[in-house]
Amino acid sequence: MKDAKWTWRGVSLISALATLLLIAGFVYAVGDIINPQGEALTGSLPQATTAPEAAAADELKILALGDSLAKGTGDNSGSGFVRRALDGLTQGGAKAGLLGNMGINGLTTAGLQTKLQEEGVQYALRQANVVLVSIGGNDLFRGSDILGNGTGVQAGEAAGTAEIPADNPEGSASTVQPTGVLDGKSDTLVTSTPKPGEDELTPEALLSALPEAAKRLGEILETIAEINPQAQVYYVGLYNPFGDIEDLLVPGNQAVTAWNNAAMDIINTHSNMTLVPTFDLFNRHLDKYLSSDHFHPNGDGYQRISERIVQAIR
C-alpha cells in the first residue's frame, strides 16, 4: 500500500511540474509574439563600398574622334596631337590612357554624324571622360580649286577617296603636290580637274558651306553630350592652311574665322565643352608647322596643338 501511495505521489508531482513547464512555455511564446526580440549583432555593420580604382575621378580616359587631324596625318612620327597630348598629360603627373583614336582621313561633319550612330563608337564614348574632336576642315575646303590652277581637291566623306568627275577623259583621278586632302592610304593628294570657272576658292564659295556644316557640328556635339553627359569635350578649332598664298589668304581667313565663331557659339551653351584655338598658332607660321602636303600639320604643328589641349585639360 505504501509503495502505491508513493507511486501516485510521484506521478502527481511529475504532472504538476510538466503543467508548470507548459504554462511557462506558453507565456514565453505569447510574450515573444507580442514583443519580438531579434538576435544580437555579432559584428559591426559593413562599410560603404568604395569606387574601383579604374573609376577614379583623377584618371583621364581619352577618346579621339574626327578627321585626318585627329588621326595625325602629316606627322612623320604618327603621334599627331592625340598621342602628344597624352604624353604631355602623363609627363605632367596625370593618370591618363587612350581608349582609342577614331580619326578618319577625309571625314566631314556628315560622315561623323553617321559614325556616331554606330554601336561601337557609342560604347567607346560611354567609357571616356575626355573626348577630343577634330572636324570641319573638309567641309570648308573640299572640292575647291585651292591653287587656282585647275586642280580641285575632291575627298570622299568617310574615307577620303577620290571622286572622279564625269568629264575626266582619262577616267581616273590625278595627283599633284602640294595641297588638299589625303586619300587615306598614302601621303598622295587626291585631286581632279574641275570644269572651267567652277570650284574657285572665294569667300562666297567657302561661306556657302558654313550654315549647314555648322548646324551638323552642333548636332554632333549634342549627340556626344547625350551619349555621355559626364565627358569633357575638347573641340579643336580650324586654321587656314593657305594663308601663305596671296589669293587665298583673305577668303581662307574669313571662312575659318566664321567657322570658329560658329563653333564657339555652340560650345558656349555647354559647360563641359571647350574650344581649343589653333588659328593663331599657324597664322604666319605655316612654313614651320605645315607638312609637305601644305594642308596637315607636321610634327611641330601637332606638338603646338597638343600643348593647347594639355593646357585646356589641366
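Summary of computed values
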read-out	value
Cα-based Rg and Dmax for segment 215-310, where Dmax is the largest Cα-Cα distance (Å)	14.6, 44
With all protein chains modelled, accessible area of residue 292 [1.4 Å, Å²]	110 Å²
Sites residue 208 and residue 264, calculated FRET efficiency, Cβ-Cβ separation with R0 25 Å, nearest 0.05	0.75
Segment 217-314, dipole about Cα centre (Lys/Arg Cβ +1, Asp/Glu Cβ -1), debye to the nearest 20	360 debye
Residue-level accessible surface for residue 119, protein heavy atoms, 1.4 Å, Å²	150 Å²
Efficiency of FRET between residue 222 and residue 312 - r from beta-carbon atoms, R0 30 angstrom, step 0.05	0.90
Cross-link pairs 71/95; 95/215; 115/288; 115/215; 71/288 - those with Cα-Cα distance over 27 Å	95/215; 115/288
Euclidean distance between Cα centres, segment 244-314 to segment 78-121, Å	17 Å
For segment 250-262, 3J(HN,Hα) per residue [Karplus equation, 6.51 cos²θ - 1.76 cosθ + 1.60, θ = phi - 60°, Hz, x = Gly/Pro]	5, x, x, 4, 5, 5, 5, 4, 4, 5, 4, 5, 5
Rounded accessible area of residue 123 (nearest 10 Å², 1.4 Å probe)	130 Å²
Peptide ranges 253-261, 238-246 listed from the most packed, as the mean C-beta count within 10 angstrom indicates	238-246, 253-261
Inter-probe distance in nm under a simple model that places probes 7 Å from Cα toward Cβ, at residue 87 and residue 287	2.6 nm
Carbon/sulfur fraction of accessible area - segment 75-148, other protein chains in place, 1.4 Å, %	42 percent
Added length on full extension, which subtracts the Cα-Cα distance from 0.36 nm per residue, residue 280 to residue 110	58.5 nm
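The values are calculated or read from the model by the stated rules, or taken from the named source; none is laboratory data. As the structure is a prediction and not an experimental result, all values here were calculated from the model. Heads up, the Cβs are rebuilt from the backbone with ideal geometry, glycines too, and the neighbour counts pull from every protein chain shown. To get the accessible areas, we keep the full protein, side chains included, count just its heavy atoms, and leave off ligands, DNA and RNA. Shrake-Rupley method; radii C 1.70, N 1.55, O 1.52, S 1.80 Å.
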